[in-house]
Amino acid sequence: MFKKTALAVAAAAALALSAVPRSALAEQLTIASFLPGPHHLHTRMLGWFGEELEKQSGGELSIQLFPGGQLGAGPVQQYKRALEGVADMTLGVSAYTPTVFPKTMLAILPGSSNTAVESTGRLWDAYEAHLADEYDEVKLIALMTVAGNVISSTRDLSTLDAFAGAKLVPYAAMTQPILESLGAVPVQMPITDVYTGLSTGTIDAAYTSYSNITPPWNFWDVTPYFVENVPVQFAVLFLVMNKERYQSLNDEQRALIDSLSGRVLSMKGAESFDLADTLSKQQMADNPDKMKNSQVVRITDDERARVIARSQDGLQAIFAAYRAKGIADAEAVYQALNP
């Protein structure tokens, strides 16, 4: 009698489970981002990712984004939040945890790339051979760069000699030896303070992207010069997933995430950053009244070559610092990132 009752209960449970709509069994993956809600990475890159996950899984997988630091203020702890499972995935900046990603940080340095798409593609070309071990504790979902391709300045920095004594905010702190080799005075300052720094004279210049010139950053309000054709510095961003959460999904769900992440999703992010620059350039052209007190100046190719040549001492100082920390192949990794 007991056996029959047990079988009847099991059968009823199985029948009830089969009657549950597929969407009721869905997995919703949370993503924590420090960026503001309407940021283009949310709408373009993560929007695409969420739509494809839901569509290709038949509703079994979806994402819920928590922007603006809702799951923890500030970008510095984003990697830790993924490790601890505060969110299933977190979007962060590698430079905020440089000891975790020392080799990835080498993609920040100026080299052969001029756009986010170029740099991100080379980042993934070198990933398996040189960088993969830095992500063993997580599931890497995306790894991309954004280009610091213009200098917002209160002085004309279109020649090498003009850099001497300029108080210049680098795009990333690790490039400080390069700026010093040019004669500039590096000043560490978060991007949120650059507008005020330029307007008050606390700094003379800052490496920025074109998208910083127009809203919401509005550097065109306080910057007499925008210097183009500079050796480009980069910032590296990651989207990582808690490894246990990834492993908790079924085989099909993991395979779907694999197919949409990695280089595929990273290039979506890089394309979004480059598009933001393109749209800002168009805004600059379409709003001469906003640019009436500013001018775009260009470092000539000859002067750019002089800047790059002078930068080599700073670059070698960075490699020496890596060797002192026990990373002997830093220069080889840099060359792989800049073929």
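What residue, among those in segment 304-339 that are assigned to a helix (DSSP H, G or I) and acidic (Asp, Glu), is least open to solvent (accessible area, probe 1.4 Å)? That would be 331.
Do any residues in segment 287-303 that are farther than 9 Å from residue 228 by Cα and open to solvent by 90 Å² or more (accessible area, probe 1.4 Å) have Cβ atoms under 9 Å from those of residues that are in a loop (DSSP other than H, G, I, E, B) and of a type in the set (Val, Ile, Thr), where the two are at least six apart or on different chains, and which pairs are they? Pairs that qualify, where the first residue is farther than 9 Å from residue 228 by Cα and open to solvent by 90 Å² or more (accessible area, probe 1.4 Å) and the partner is in a loop (DSSP other than H, G, I, E, B) and of a type in the set (Val, Ile, Thr), are 293/223. Taking segment 190-222 as the range and being among the aliphatic types (A, V, I, L, M), crowded, with 18+ Cβ neighbours inside 10 Å and closer than 30 Å to residue 316 by Cβ as the test, the residues that pass are 194, 203, 205, 206. Looking across segment 131-183 at every residue that is aromatic (Phe, Trp, Tyr) and open to solvent by less than 20 Å² (accessible area, probe 1.4 Å), the one that is farthest from residue 291 (Cα to Cα) is identified as 135. Checked against (1) under 22 Å from residue 176 (Cβ atoms); (2) in a helix (DSSP H, G or I); (3) among the small types (Gly, Ala, Ser), residue 129 passes all but a single condition, namely (1).
Can you find a residue in segment 152-164 that is of a type outside the set (Ser, Thr, Tyr), free of Cβ contacts under 8 Å to residues at least 24 places away in the same chain and part of a loop (DSSP other than H, G, I, E, B)?
Checked segment 152-164: at least one residue is of a type outside the set (Ser, Thr, Tyr), free of Cβ contacts under 8 Å to residues at least 24 places away in the same chain and part of a loop (DSSP other than H, G, I, E, B).
State all residues of segment 216-261 that are of a type in the set (Phe, Trp, Tyr) and more than 21 Å from residue 142 (Cα to Cα); if no residue qualifies, say none. Correct list: 217, 219, 220, 225, 226.
So how many residues does segment 45-81 have that are open to solvent by 20 Å² or more (accessible area, probe 1.4 Å), on the phi > 0 side of the Ramachandran plot and in contact with a Phe, Trp or Tyr (Cβ under 7 Å, 6 or more places away or on another chain)? Residues meeting the conditions: 1. Screening the candidates 128, 118 for the property of being open to solvent by 60 Å² or more (accessible area, probe 1.4 Å), within 30 Å of residue 325 (Cα to Cα) and under 15 Å from the mean Cα position of the chain (by Cα) yields one hit, 118.
The values are calculated or read from the model by the stated rules, or taken from the named source; none is laboratory data. Here the structure is a predicted model, which means the values were calculated and not measured. Every residue, glycine among them, receives a Cβ derived from its backbone with ideal geometry; neighbour counts consider all protein chains shown. Areas reflect the complete protein model, heavy atoms only, side chains present, ligands, DNA and RNA absent. Shrake-Rupley method; radii C 1.70, N 1.55, O 1.52, S 1.80 Å.
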